[in-house]
Amino acid sequence: MKDTEMLEQNVTNHPVKIAARNVQVYYGDSQAIRDVDIDINDKTVTAFIGPSGCGKSTFLRCINRMNDTIDAARVTGDIRIDGEDIYDKRVDPVQLRAKVGMVFQKPNPFPKSIYDNVAYGPRIHGLAQNKADLDGIVEQALRRGAIWDEVKDRLHAPGTGLSGGQQQRLCIARAVATEPEVLLMDEPCSALDPIATAQVEELIDELRQNYSVVIVTHSMQQAARVSQKTAFFHLGNLVEFGDTDDIFTRPQDPRTESYITGRIG
Amino acid sequence: MGQILTTGAVLPLVTLIAVLALGGYFLARRRAMISAGGDSRKLHSLPSYYGYNAVISVAVPALLALGIWLLVQPMLVQSSVVEMIPAQAVPEGSSVNLIMSDVRRLAEGLDAAVGAGAISDAEATDLTVADNLRAWLAERGVAIGAEVSPEVLQAAQAYREMNALGHVGRNVFVLLLALAGLLLAYRESHADFRARNRVENAIKALLILAASLAILTTVGIVLSMLFETINFFSLHPWTDFFFGASWAPNFRGDSDLSILPLLWGTLYISIIALAVAVPIGLFAAIYLSEYAGPKVRATAKPLLEILAGIPTIVYGLFALLTVGPALVKIFGRGEDGLLGVDWMSGATSVLTAGLVMGIMLIPFVSSLSDDIINAVPQSLRDGSFGLGATQSETIRQVVIPAALPGIVGAVLLAASRAIGETMIVVLGAGAIARISGNPLEAMTTITTRIVSQLTGDSDFASPETLVAFALGLTLFVLTLGLNVLALYIVRKYREQYE
Amino acid sequence: MSDIPNPAAPIADPRGASLLVQDGRTKRRNASEGRFKLYGIVAIAIGLLMLLTLLFTIISRGTGAFQQTYVTLSVPLLEEKLDKNGNRDLAEIKKVSTFGYAPLTKAAFEAKIAESGIETSLKPKAMADLLSKDAAAQLRDYVVANPDLIGSTVEFEFLTNSRVDGYLKGRVSRESIANDKNINAAQLDLVDALIADGSLQKRLNLNFITGADASDARPEAAGMGVAMLGSFAMMLVVLVLALPIGVAASIYLEEFAPKNWITDIIEVNISNLAAVPSIVFGILGLAVFINYMHLPNSAPLVGGLVLTLMTLPTIIISTRASLKSVPPSIRDAALGVGASKMQSVFHHVLPLAAPGILTGTIIGLAQALGETAPLLLIGMVGFIASNPPESIAEGLMAPNSAMPAQIYEWAKRADPAFYERAWGGIIILLVFLISMNAIAVLLRRRFERRW
């Protein structure tokens, strides 16, 4: 018992970055998320796990208001980043998404060059003063994406020509190039082979230094490997949230236990 | 029966084949049933398949032979009659083709007169020029344009004779084929004959035939224009056609027939049309596919597509009677006009035709681009939104560049439409061939000249008429090139996102 | 695409900035977003505005053709003019040409003036000129049909000429006739008096829908009916040929064709044929059907054949789409109970695809119905088919026009009275097209299946 307290303190050293209270999401008439309360810490990797259709991706997409792009989706409740309600009328989702980057399930590089892919965000947000500045931002982002060494000689080759794992790391580099504070990752490794997965997981661990990372994953092993905190979703409910070690070794809720022992999935 | 064997009409023959086929159906079916002792379960195929087999063996070879005969006979008769006409019988300034049309008209007139009972068959065969033929025929209801020369009469008689012979041969041959088919199918109809497989193979052959009609049509288009184009180039220098400077057909011969002024008019009008249709159509497509809610989309899209369903003659009239006069009111009439200038005199002009054609092409561009924009995967949009791009930034910098090849294909297809469009330019563009940059002047296009050269009164074998085929072939090659390129680009584009 | 901001602009520093305050750059970006969206709205608005303008023009200019000005006159069928010998011999009566009937209309006008007390300085000839040139023919037809009535006075309703008609429709005014040899102010005075008298009026003109085209001098008598029959005959040919051939070709390509280069060529060919300019099909028709096969010029049969070739690609493309939409499980189910491939297609796939095929066919027919250019080349323009065909065979073989060709013909005659008829003809044509498309949409709604 003492051990866990120690561990918990260790994690909660970092301040709360995202605070969600009483979040509900509806798709048309059906409710996809009910009553979710969660605090997500800065400089921490938080994993969302749960069976398919449990609402973990839906909740993730609430955090940068990607659900706005779906006509039928409706979100109620309160989500705050650094204390500011992101569903406030004054908040422009464009500014929010610059602050909360996102990496998707399938690598989706734009049909442009590697350089232009990474420079896209800084350009639209006006982060660079001149070409040299932009070059610097691109290089730094590619380095953070752990792909610089592989692509530095062919920055002007199309991004779609890279391998799947490289494409996903390019997308991560693209996301960090806008200097976000939070990085959302929606099953970033599900379309990758094991070697590429290992590379991306390693990268995620490094990203923890600078960002609050939220990762949705299907794989419990992955959650255990990369995250410090884990939330288990089931049928639209947040069933259990706590330190990753606790969730996997001493689940409180019988549903969590069933899931991690493979009885529901 | 004798009538059926000698008639040139096709209908009685086809009816007879149909009767034979129907009879064959029942005979073959009955024989198969009898061979199975009346128990249809002992048959290899369902009883009706034996009947169908008989129908197919009677009708298909017979009708096929009939069709081929109908195509070949005129060709053979024509060429052998042409050989009969001596060179000196062709008057100055005329051609064998003209004489042949006289021959045909006379022969058909005689046939009609015999058919109507005005003259007997023997009378028709024994006619001579001495009888003052034209008046004699006119009395009996056969109108001939010119006096008949002995050569023409002789040729016409030969023409009739050969045709009559051909008809008898055709009828006998086709009927024998049908009977043979009937006999064969009847003898085959046993319980263990695999009638279904036979019938299905035959049907499959028919399906293949139907599918290859598309190729036949293309071949027909190319050949029909190619032959006349070759004829044209034997009468008129090809250098003038491709590189000459002016288009001035002259019905007394010695015309300037250069495609360049027409090509210029065609391209100029098409460019104006595209300048109208591409931005409007593209922005409409972008709005409909990216911004509009389902309700707006469900209303605006079909409404815009009505523009595509309106026949081109309507646009032609709109150009001639509404847009043209409105443009004259703006750019013409000097002091009375809206701008007080006198730049435009008539309602027909490049701008008139171009604007109206642009309106016509809006839905064409918009629905093609709409499809193409919708094919851009949502993941790219998500990626861009996820980076904090606004919707217009996403569209301009991600969606449109990704859709660009497809959009280029759509524009090329629209261009090919514009180049081949006829009615709008016939009514709205004018008839003056010139190379000028002034969009308020009347100019003419390839398609309008095809119409006017082929509907004029000029002799069919003259270069002034034949040039239409050369124009048609050029038009075909031009649009075909654009279409093939566009379809190739669009197909490659779709493969990229499948 | 490189829009690197100009150096003077402050660099945004996103980290730590409040989300509740929009920075200047975001405001600018949102403004440009608004503009971009506006372009789209403007584009759609332009398109819809054009549609409205077009429809408004058609309706405002074309409805006039459905009304025509008639004048009611009592005509004495004078025996001394029509049947000099008084023996009512039909053969002799028929020898009196339409010129012989001109005095009758003059007499009728004189009687009218005397009876109603209208004052006019016009000579009877000038009064009779108000009538359409069709009037004498109408009289003659009546007399030939009823020779017994010669000698009595019969009331007739005559068409007026196109100037009088234009005057009532506002197309002709007292100012516009200054240089017009066909009508003068005194005649218009008489027209006004006759309107006041109630014997001259505008009313529904069914002849425009059912009648035949008329010569250049008689726009008031021209109708669409015969051209409509020509169009129907062509559509019959297209339906009878294009539907079975199109369906057969689609079945082969979709269900049986092996994937090889021949199939590829056929497919490329079909998509190209769909985009070949229609006038090229006209050239094909002229060269093959008329010059080579010697089918009659101007015959709807030839028009139908040309339009069949033109419509086939459309029908094949839509039929293949509906065949493709039938799920493979249906085919597998049929094959699974021992049906042959052919049976599975004809017994199961084809009936399920039928509504889609029908919809595509109707749309193809509608497209063919409005097509003009190829018809010009096979001679379906430029003559007047005065009588409706008497049988289907004649309808196919006898020279005729078609609706769009008739409209073109009227547009070429460069007379405002004929322009009105051209617009009116467009209304009739569009009514057909809209009905056909509506049927297609209804069919699609009624039978649309989501697998």
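The values are calculated or read from the model by the stated rules, or taken from the named source; none is laboratory data. It should be emphasised that the depicted structure is a prediction, and the values quoted were computed from it without experimental measurement. Here the Cβ is made from the backbone with ideal geometry for all residues, glycine too, and neighbour counts use every protein chain on show. Surface areas here come from the heavy atoms of the whole protein model, side chains and all, with no ligands, DNA or RNA. Shrake-Rupley method; radii C 1.70, N 1.55, O 1.52, S 1.80 Å.
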Please determine whether any residue of the range A:146-163 is aliphatic (A, V, I, L, M), assigned to a helix (DSSP H, G or I) and either surrounded by 24 or more Cβ atoms within 10 Å (Cβ to Cβ) or at pLDDT below 90 (or both).
no
The lone condition residue B:149 fails out of (1) under 35 Å from the mean Cα position of the chain (by Cα); (2) open to solvent by 20 Å² or more (accessible area, probe 1.4 Å) is (1)
Note: among C:288, C:276, C:247, C:238, just one is under 24 Å from residue B:477 (Cα atoms) and either touching a residue at least 40 places away in the same chain (Cβ under 8 Å) or in a helix (DSSP H, G or I) (or both), namely C:288
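Within the range A:189-210, track down each residue that is part of a loop (DSSP other than H, G, I, E, B) and more than 17 Å from residue A:40 (Cβ to Cβ). Let's see the steps before the verdict.
Kept after step one, since they are part of a loop (DSSP other than H, G, I, E, B), are these residues of the range A:189-210: A:189-193, A:208-210.
Result: A:189, A:190, A:191, A:192, A:193.
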Output for the range A:100-115, where each listed residue is more than 7 Å from chain B (Cβ to nearest Cβ), surrounded by 22 or more Cβ atoms within 10 Å (Cβ to Cβ) and more than 27 Å from residue A:52 (Cβ to Cβ)
A:114
Residue in the range B:408-415 that is farther than 29 Å from residue C:272 by Cβ and open to solvent by 20 Å² or more (accessible area, probe 1.4 Å) present:
no
Could you list all residues from the range A:212-233 that are among the hydroxyl-bearing types (Ser, Thr, Tyr) and crowded, with 24+ Cβ neighbours inside 10 Å?
A:212, A:217, A:227, A:230
Within the range B:388-444, which helices (runs of 4 or more DSSP H) (wholly inside it) include 1 or more residues that are away from chain C (no Cβ under 12 Å) and touching a residue at least 40 places away in the same chain (Cβ under 8 Å)?
B:400-420
All but one of (1) surrounded by 23 or more Cβ atoms within 10 Å (Cβ to Cβ); (2) in contact with a Lys or Arg (Cβ under 6 Å, 6 or more places away or on another chain) hold for residue A:179, so report the exception by its number.
(1)
Top-ranked residue of the range B:197-241 - restricted to ones that are among the charged types (D, E, K, R) and facing another protein chain (nearest Cβ under 7 Å), ranked as nearest to the chain's Cα centre (by Cα):
B:228
Answer yes if at least one residue in the range B:170-187 is more than 30 Å from residue B:51 (Cβ to Cβ) and open to solvent by 80 Å² or more (accessible area, probe 1.4 Å), and no otherwise.
no
All-but-one check, residue B:148 against (1) outside any loop (DSSP other than H, G, I, E, B); (2) among the hydrophobic types (A, V, I, L, M, F, W, C); (3) in the same structural domain as residue B:30 (by TED's automatic domain parsing), failing number (1)
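Conditions tested, residue by residue: (1) of a type in the set (Phe, Trp, Tyr); (2) assigned by TED's automatic domain parsing to the domain that holds residue C:102; (3) touching a residue at least 12 places away in the same chain (Cβ under 8 Å); (4) buried (at least 22 other Cβ atoms within 10 Å of the Cβ).
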{"position": "C:135", "(1), (2), (3), (4)": "no, yes, yes, yes"}
{"position": "C:145", "(1), (2), (3), (4)": "no, yes, no, no"}
{"position": "C:156", "(1), (2), (3), (4)": "yes, yes, yes, no"}
{"position": "C:170", "(1), (2), (3), (4)": "no, yes, no, no"}
{"position": "C:177", "(1), (2), (3), (4)": "no, yes, yes, no"}
{"position": "C:181", "(1), (2), (3), (4)": "no, yes, no, no"}
{"position": "C:199", "(1), (2), (3), (4)": "no, yes, yes, no"}
{"position": "C:234", "(1), (2), (3), (4)": "no, no, yes, yes"}
Of the numbered conditions (1) out of contact with any Lys or Arg (no Cβ under 8 Å at 6 or more places or on another chain); (2) over 16 Å from residue C:22 (Cα atoms), residue A:49 fails exactly one; give the number of that condition.
(1)
May I ask you to list the residues in the range B:106-145 that are of a type in the set (Gly, Ala, Ser) and either at pLDDT 75 or above or in a helix (DSSP H, G or I) (or both)?
B:107, B:109, B:112, B:113, B:115, B:116, B:122, B:124, B:130, B:135, B:138
When the range A:131-165 is checked residue by residue, the ones that are out of contact with any helix residue (DSSP H, G or I) (no Cβ under 8 Å at 6 or more places or on another chain) and of a type in the set (S, T, N, Q) are A:140
Specify the residue that is farthest from the other protein chains (Cβ to nearest Cβ); the eligible residues are those in the range B:310-343 that are open to solvent by less than 20 Å² (accessible area, probe 1.4 Å) and assigned to a loop (DSSP other than H, G, I, E, B).
B:337
Has the range C:369-390 got any residue that is farther than 30 Å from residue C:216 by Cβ and open to solvent by 30 Å² or more (accessible area, probe 1.4 Å)?
no
Filtering the range C:302-343 down to residues that are open to solvent by 40 Å² or more (accessible area, probe 1.4 Å), touching a residue at least 40 places away in the same chain (Cβ under 8 Å) and within 13 Å of another protein chain (Cβ to nearest Cβ) yields C:317, C:320, C:341
Within the range C:250-273, residues charged (D, E, K, R) and either assigned to a loop (DSSP other than H, G, I, E, B) or at the interface with chain B (Cβ under 8 Å from one of its Cβ atoms) (or both) come out as C:259
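Within the range C:1-114, considering only helices (runs of 4 or more DSSP H) that don't extend past its boundaries, which have at least 1 residues that are open to solvent by 60 Å² or more (accessible area, probe 1.4 Å) and modelled with pLDDT of 85 or more? Quick ask: steps written out before the conclusion?
Details: elements: C:24-62, C:79-82, C:90-95.
Correct list: C:24-62.
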Looking at the range A:81-90, which of its residues are open to solvent by 10 Å² or more (accessible area, probe 1.4 Å) and either farther than 24 Å from residue A:172 by Cα or at the interface with another protein chain (Cβ under 7 Å from one of its Cβ atoms) (or both)?
A:83, A:84, A:85, A:87, A:88, A:89, A:90
